[in-house]
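Contents: one structure, followed by commentary.
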Amino acid sequence: MLELGCGTGRVLIPTARTGIDIVGFDSSEHMLQRCRSRLQAEPPAVRARVRLHRGDMRNFDLGRTFRLVTIPFRPFQHLLTVGEQLACLAAIRRHLGPDGRLVFDVFNPSIHNLAKPIDGAETDEEPPFTLPDGRTVIRRHRMLERDLVGQVNRGELIYDVTHPDGQQERLVHPIQMRCIFRFEAEHLLARAGFALDHVYADFDRSAYGSQYPGDLVFVARLSAGPGRA
């Protein structure tokens with residue numbers, strides 16, 4: 001299988017542990033280096049199942065096809081234009097075998113949240129976690145702008161870090177994500193030459209509409225006709 005946006009291997013490494021050969025693909029060399037470091041702690045059989053590549057998910061050629069292509073944890077939403085989305089799907093189509101499947105997830109946009117005014121508050125505080133080097137981290141999120149015409153949310157991920165010696169620092173990472181609605185995604189897939197098998201509200205395969213907003217988890221295959229992307 002091929003995982004696009006594999007990052008540090010949070011999904012990739014457990015997948016390899018199950019006995020699946022997997023290719024990880026990411027644009028960040030720093031992330032891939034961290035993934036390689038984590039793989040060094042795995043048994044030789046697990047490491048042998050993994051190949052890592054750096055590149056742009058909008059245009060890549062690995063010279064082979066796969067039975068399964070995944071884009072877990074919403075990297076697809078970092079493609080901010082329809083042109084970028086279709087370029088990515090076209091690249092995936094070239095890498096998917098005849099009976100293969102594409103599985104990816106995106107946030108299901110909440111109409112109620114989109115209609116609320118932005119107050120710039122730091123929200124979604126997560127429980128503290130401790131890194132191997134002893135640093136403790138609390139992550140928060142702040143929304144800065146909603147481009148309702150372009151369907152792009154712009155915000156920040158905020159990391160409050162406490163070092164073992166008590167020193168504190170704040171790291172701020174800007175983030176942009178495009179809102180993608182269910183039927184918009186279905187039309188993108190059809191335009192790119194895919195047929196939709198399933199759309200779920202969560203990874204437990206619960207039916208779309210059983211919760212709101214939930215997530216959007218798509219399972220697609222190559223359609224009989226050529227894509228028009």
**Q.** R64 versus D99: modelled label distance in nm, points set 7 Å from Cα along the beta carbon direction
**A.** 1.9
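Hey, what did the chain get for relative contact order, percent, Cα under 8 Å, at least 6 apart? List each step's numbers first, then the result.
Working: 454 pairs, mean separation 38.2, N = 229.
It rounds to 17 percent for the chain.
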Q) Regarding the chain, what whole-number volume in Å³ per residue does the convex hull of its Cα atoms give? A) 139
(Q) Could you sort L222, L188 by their accessible area in this structure, using a 1.4 Å probe and putting the largest first? (A) L222, L188
**Q.** Under 18 Å from the H173 label point (7 Å along Cα→beta-carbon), backbone N, segment 116-146
**A.** 122-144
Q: Could you tell me the distance between the Cα centroids of segment 1-30 and segment 160-229, to the nearest Å?
A: 17
Q. Which value results when the Cα radius of gyration for segment 54-187 is divided by 2.2 N^0.38 Å?
A. 1.30
Q. Along segment 213-218, what does the Karplus equation 6.51 cos²θ - 1.76 cosθ + 1.60 (θ = phi - 60°) give for ³J(HN,Hα), rounded to whole Hz, x for Gly and Pro?
A. x, x, 10, 10, 10, 9
Q: Positive end of the charge dipole of segment 27-66 (Lys, Arg +1 and Asp, Glu -1 on Cβ, about the Cα centre): tell me which of F66, Q33, A48 has its Cα farthest that way.
A: A48
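What is the packing order of peptides 155-164, 107-116, 19-28, 193-202, taking the mean over residues of other C-beta atoms within 10 Å and listing the highest first?
19-28, 193-202, 155-164, 107-116
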(Q) Report the gain in length on full extension from T123 to R10: 0.36 nm times residue separation, minus Cα-Cα distance, nm rounded to one decimal. (A) 38.3 nm
(Q) Treating only the Cβ of Lys, Arg, Asp and Glu as charged (+1, +1, -1, -1), what charge dipole size does segment 119-187 show about its Cα centre? Round to the nearest 20 debye. (A) 140
Q) So what is the relative contact order for segment 18-113, in percent, with contacts set as C-alpha pairs under 8 Å and at least six apart? A) 30
Q. Binning every alpha carbon pair distance of segment 34-128 at 5 Å from zero, what are the percents per bin?
A. 2, 9, 14, 16, 17, 14, 12, 9, 5, 2, 0
Q.
Probe radius 1.4 Å, ligands and nucleic acids left out: which of E84, E169 has the largest accessible area, and how do the rest follow?
A. E169, E84
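For T130, T15, T136, give me the order by solvent-accessible area with a 1.4 Å probe, most accessible first, ignoring ligands, DNA and RNA. If you can, show how the numbers build up before the last one.
Working: T130 95, T15 25, T136 50 Å².
Reading off the accessible areas and sorting them downward yields T130, T136, T15.
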Q: Name the long-range amide H neighbours of L144: under 5 Å, sequence gap of 5 or more, or other chain; modelled H, no Pro or chain starts.
A: R154, G155, E156
Q: Name the longest site-free stretch of the chain, where the excluded sites are trypsin sites (Lys or Arg not before Pro) in a DSSP loop with no more than 15 other beta-carbon atoms within 10 Å.
A: 65-134
(Q) Using the Karplus curve 6.51 cos²θ - 1.76 cosθ + 1.60 with θ = phi - 60°, what ³J(HN,Hα) values do you get for each residue of segment 129-144, in whole Hz, with x for Gly and Pro? (A) 10, 10, 7, x, 8, x, 6, 9, 10, 10, 10, 10, 10, 9, 8, 10
Q. Out of residues 5 or more away from G9 or on other chains, whose amide H comes under 5 Å of its own, with H placed 1.01 Å from N in the peptide plane?
A. none
Q | Spin-label pair A45/R154, simplified geometry with 7 Å Cα→Cβ offset, distance in nm | A | 5.1
**Q.** Spin-label model distance (nm) - S37 vs D197, 7 Å beyond Cα toward Cβ
**A.** 3.7
Q | Computed [θ] at 222 nm, helices only, for the chain once each DSSP H run of length n ≥ 4 contributes -39500 (n - 2.57) | A | -6000 deg cm²/dmol
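The values are calculated or read from the model by the stated rules, or taken from the named source; none is laboratory data. Everything numeric here is computed off the predicted structure, so don't read it as measured data. Note that we place each Cβ from the backbone using ideal geometry, even for glycine, and neighbour counts take in every protein chain shown. Side chains included, ligands, DNA and RNA excluded: accessible areas come from the protein's heavy atoms. Shrake-Rupley method; radii C 1.70, N 1.55, O 1.52, S 1.80 Å.
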